[in-house]
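What follows is a single structure, written as structure tokens, with notes after it.
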Amino acid sequence: MVGGFEQAVLAAMIFVIMLGMGAALTPRDFALAIKRPYAMLIGLVSQYGFLPLIGLGLALALPVADPVKIGIVVMSCMPGGTTSNIFTYFAKGNLALSVLMTINSTIVGVIAIPILVVASLAVLTATGNLEVVVPTQNIVLTLVLLLAPVLIGLALRKWNANVGALVELVGGALGIIFIVLLLVTWVPRNWGFLTETPPVVFLGVISLGLLGFLAGYLFSMALKLGRWNAQTIAMEVGIQNGPLAIAIVVFTFVGPLAPLQQQVLAVPALYSLFIVISATMLTLWFRRTNAADDQKMPNALL
């Protein structure tokens with residue numbers, strides 16, 4: 001499903017994407033996050049609170065194989081990806097909040113992701129829904145290694161703003177390129193796999209994104225964050241970092257677990273494919289409602 005050459009290319013792309021995420025952040029952004037942390041905290045709670053619970057619920061409820069359950073759990077514990085920033089931009093959302101949430105959730109994820117994955121897999125094992133033991137130390141090592149380019153990107157931005165902006169642009173572009181490559185090369189080559197995959201697997205993958213959108217939006221609205229910020233948080237929670245999930249699976253499922261690697265990879269690969277469709281539809285809806293609000297503003301001032 002994902003060959004050795006593709007894994008090497010993916011590793012290089014992930015490094016540059018994470019480098020770009022770090023380059024997108026400036027000291028001023030940290031100051032703003034500390035000064036106005038309310039929306040950020042709501043986003044992090046949605047990201048690492050509700051979504052992992054949704055993933056665990058889907059893994060418990062759906063009659064799928066163990067590797068698919070593991071894939072759903074891992075995918076639900078991921079931070080936001082740079083793709084969410086792009087969709088937020090086109091949806092006319094709060095782009096600054098989206099970028100900050102993406103980077104902060106990635107940094108927090110170094111600690112949160114292993115804890116959440118271990119806890120979720122423990123629940124699956126205790127309930128008899130999982131028989132595979134996952135080496136969580138590999139997940140921790142992968143995340144620590146992936147944090148390094150974020151810090152390098154931050155240092156580059158501080159050293160030279162122009163270089164940092166260029167790295168940020170390249171990193172964001174690679175996030176889109178990854179999705180395009182998935183559509184152009186991966187889908188045709190794995191068409192047989194797609195047609196043979198049980199519908200319940202597609203249900204789990206698509207539901208994870210849709211329920212993430214819903215949880216982020218409703219929680220933000222319930223705490224009176226406002227529709228503009230709620231839309232942004234919905235995007236950030238629903239659009240997880242698929243390339244990062246693929247990288248974690250590739251570097252974790254080695255040795256005795258290597259035979260399961262391709263089956264687990266099916267979840268983040270399918271998620272990355274279908275979340276683009278779901279996010280596009282949601283973006284069009286958000287953009288339409290925001291445009292309607294903009295038209296009402298002059299009338300409200302009369």
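The values are calculated or read from the model by the stated rules, or taken from the named source; none is laboratory data. Just so it is clear, the model here is predicted, and its values are computed rather than measured. Cβ atoms come from the backbone with ideal geometry, glycine included; neighbour counts cover every protein chain shown. Protein only, heavy atoms only, side chains kept; ligands, DNA and RNA dropped before computing areas. Shrake-Rupley method; radii C 1.70, N 1.55, O 1.52, S 1.80 Å.
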Expected vector for segment 257-269, Karplus 3J(HN,Hα) from phi with 6.51, -1.76, 1.60 and θ = phi - 60°, integer Hz, x for Gly and Pro, equals 8, 3, x, 8, 4, 5, 5, 5, 4, 4, 5, x, 5
Stretched fully, the stretch from Ala126 through Leu53 gains (0.36 nm per residue minus C-alpha distance, one decimal, in nm) 24.7 nm
With all protein chains present and a 1.4 Å probe, the order of Trp228, Trp159 from largest accessible area down is Trp159, Trp228
The rounded separation in angstrom of the Cα centers of segment 61-123 and segment 230-290 is 8 Å
Checking rank on 73-79, 61-67, with mean other Cβ inside 10 Å and highest first, the result is 73-79, 61-67
